[in-house]
1. Take the stretch 269-288 and flag every residue that is farther than 17 Å from Tyr327 by Cα and surrounded by 17 or more Cβ atoms within 10 Å (Cβ to Cβ).
2. Within the stretch 229-262, take every residue that is more than 22 Å from the chain's Cα centre (by Cα), crowded, with 23+ Cβ neighbours inside 10 Å and of a type in the set (S, T, N, Q) and give me the one that is nearest to ligand 1 (Cβ to nearest atom).
3. Could you give me the residue pairs with C-beta distances under 6 Å whose first residue belongs to the stretch 185-208 and is closer than 16 Å to Tyr245 by Cα, whose second residue is within 12 Å of ligand 1 (Cβ to nearest atom) and in a loop (DSSP other than H, G, I, E, B) wherever it lies, and which are 6+ apart or on separate chains?
4. Going residue by residue through the stretch 118-130, is there one that turns out to be surrounded by fewer than 19 Cβ atoms within 10 Å (Cβ to Cβ), under 21 Å from His194 (Cβ atoms) and hydrophobic (A, V, I, L, M, F, W, C)?
5. Given the options Asp484, Asp503, name the one that is open to solvent by 60 Å² or more (accessible area, probe 1.4 Å) and either closer than 21 Å to Asn70 by Cα or under 21 Å from the mean Cα position of the chain (by Cα) (or both).
6. Only one of these is modelled with pLDDT of 95 or more, over 14 Å from Asp513 (Cα atoms), more than 21 Å from the chain's Cα centre (by Cα) and open to solvent by less than 10 Å² (accessible area, probe 1.4 Å): Phe454, Phe479. Name it.
7. Just give me the residues in the stretch 57-72 being crowded, with 23+ Cβ neighbours inside 10 Å and either part of a helix (DSSP H, G or I) or within 16 Å of ligand 2 (Cβ to nearest atom) (or both), in sequence order.
8. Of all the strands (runs of 3 or more DSSP E) wholly in the stretch 440-517, which have at least 1 residues that are in contact (Cβ under 8 Å) with a residue 24 or more places away in the chain, among the aromatic types (Phe, Trp, Tyr) and touching a Ser or Thr at 6+ places or on another chain (Cβ under 7 Å)?
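The values are calculated or read from the model by the stated rules, or taken from the named source; none is laboratory data. These figures come from a predicted structure and were not determined experimentally. Cβ: placed from backbone, ideal geometry, glycine included. Neighbour counts: every protein chain shown. For the accessible areas, the whole protein counts, side chains as well, though only heavy atoms, and no ligand, DNA or RNA atoms are used. Shrake-Rupley method; radii C 1.70, N 1.55, O 1.52, S 1.80 Å.
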Amino acid sequence: MKRALTVLPLLTLAAQAVAQNQQRPNIVYIMTDDHTAQMMSCYGNSYMQTPNLDRIAQEGVLFRNSYVANSLSGPSRACMITGKHSHKNGFTNNEHGVFDGSQQTMPKLLQAAGYQTALIGKWHLVSTPTGFDYYEILRGQGEYYNPDFIQMDGSTKRSEGYCTDVVTDKAIDWMDHRDKEKPFILFVHHKACHRDWLPDLKYLRAYEDQTFQAPANFNDNWEGRLAAQQQEMTIASSHDMDLIYDNKAYLPGDKSRLSGTYLAYVNRLGQKDRQAYWAFYDSISCDFYRRFPEMRERMTPQGLQIQKDGKRIVENAAVTDWKYQRYMRDYAKVTKSLDDNVGRLLDYLKEHNMLENTLIVYTSDQGFYMGEHGWFDKRFMYEESLNTPLVMRLPDGYGRRGEIAEMVQNIDYAPTFLEMAGVKVPSDMQGESLVPLLKGQKVKKWRDAIYYHFYEYPAEHAVKRHYGVRTDRYKLIHFYDDIDAWELYDLKEDPTEMHNVYDDPAYAKVQKDMHRRLKALEKKYDVEMGKL
Ligand code: SGN
Ligand code: CA
């Protein structure tokens, strides 16, 4: 910076602009869908190795306490680009949300400040993206095989290949053709690792020899937690985790609640690839029905029987473990491709000498359950889905390395990128810039509590509406709408949130204090419950 300033007077105007731009870092923002810290080795206790993601953390920083504001795709993305909680950016849920693209967003502000802005991959905010010089976006959730991309002229084009590779190819291609005299922000938004975890064919056999150890609370019976008792995201239920769509136990002609969607996704493969796909999963399916003939009996012409006496059937322990292993293996395969492709992007930036001047962010739209509480999916304010992975490789001038323990939230990304780009952060943004943390400055008063709010109910997975506050030790949650249930957790004593101590007299003082904290956050973020 100093050197650039001293030579500036000697430069022409155009060269001055270039020099100035070189001081403004590029930003490569990589975001996955449903990737969780339990499946990322730099977070420790991981079920798999992710060497390329780990490289970002090893060369940069890892946020140990990174949270979302609303654990669902569209809402998370809206929080991220606006720097505001859902009730302020208006996109509260996937079901009915249409993002108001006329509002202020971080990409728009960066664009106005001379950044090139590009978005490749999942968008999920329904309305046409605004604030991007270039975009190519997946339709809705997107497809793993030969995905379709919506182009800027509104047409749709199919790209051949595996989605994670294709998104990366397009991101690299965009960087190759960008205006090299201006800084840029590139949003690389993967479909991986979203349901239904269809692997790249080259990884079909990966992780097949691995037996995953289910978490200690896999058999949670949700005692004392009313909303948890009523969710529909349980691995042991083939209503919730579909035996065909999710677990891929399919023999020709079989039907289930989601088998149509499954076949439509697989049939996107070309004929040769389809054969390879079926050769692999047929043998797994045959083996499954050989081991569990009682499951075959439940396969009726109308589809797999998933209810009995009006209740969702809970599979026995052996079938449930089979489902869990299938889930973990397929999720790991999909994540392996992701890790490879993050490596490709890092290599590209290195080969083009861009590392010194580029902020590389890796995060997900939220965390995910890998069997904790017996679940998959997200939504709840419990730890696994309130958390989201966040690692960054920092440009020159940002000296912090290693773990960062401060509580951060996805509303912080927008102010952070703006400040790094030298753009004034608008006062109505609710997030905090992470720049002081990234510079390794002593921050006297960082936030000591976060606010969370989930709105999508009634909807798939049946997670009730709820909001709450989390401090470094405690969490208070209120489930509302067609339920009125409070929960309180002592995360130090009960890190896996098995004991709701809301009514425990020993916690009366904590309960009162947490209510006070919640009220303070509602005031700070201007939440008007009656209006939601
Ligand atoms: C789809 C999935 C759900 C998932 C939501 C939201 N069902 O509806 O399992 O919870 O997306 O996910 S599926 O049958 O379409 O796979 S999100 O990440 O986009 O918010
Ligand atoms: Ca998601």
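1. Correct list: Leu269 only.
2. Here the answer is Ser256.
3. Pairs that qualify, where the first residue is closer than 16 Å to Tyr245 by Cα and the partner is within 12 Å of ligand 1 (Cβ to nearest atom) and in a loop (DSSP other than H, G, I, E, B), are Cys193/Asp34; Cys193/His35; His194/Asp33; His194/Asp34; Asp196/Tyr245; Asp196/Asp246; Leu198/Tyr144.
4. Yes, some residue in the stretch 118-130 is surrounded by fewer than 19 Cβ atoms within 10 Å (Cβ to Cβ), under 21 Å from His194 (Cβ atoms) and hydrophobic (A, V, I, L, M, F, W, C).
5. On the way: Asp503 fails: either closer than 21 Å to Asn70 by Cα or under 21 Å from the mean Cα position of the chain (by Cα) (or both).
Residue meeting the stated conditions: Asp484.
6. Numbers: Phe454 fails: more than 21 Å from the chain's Cα centre (by Cα).
Result of the check over Phe454, Phe479: Phe479.
7. Those that are crowded, with 23+ Cβ neighbours inside 10 Å and either part of a helix (DSSP H, G or I) or within 16 Å of ligand 2 (Cβ to nearest atom) (or both): Ala57, Ser66, Tyr67, Val68, Ala69, Asn70, Ser71, Leu72.
8. The strands (runs of 3 or more DSSP E) meeting that bar are 449-454.
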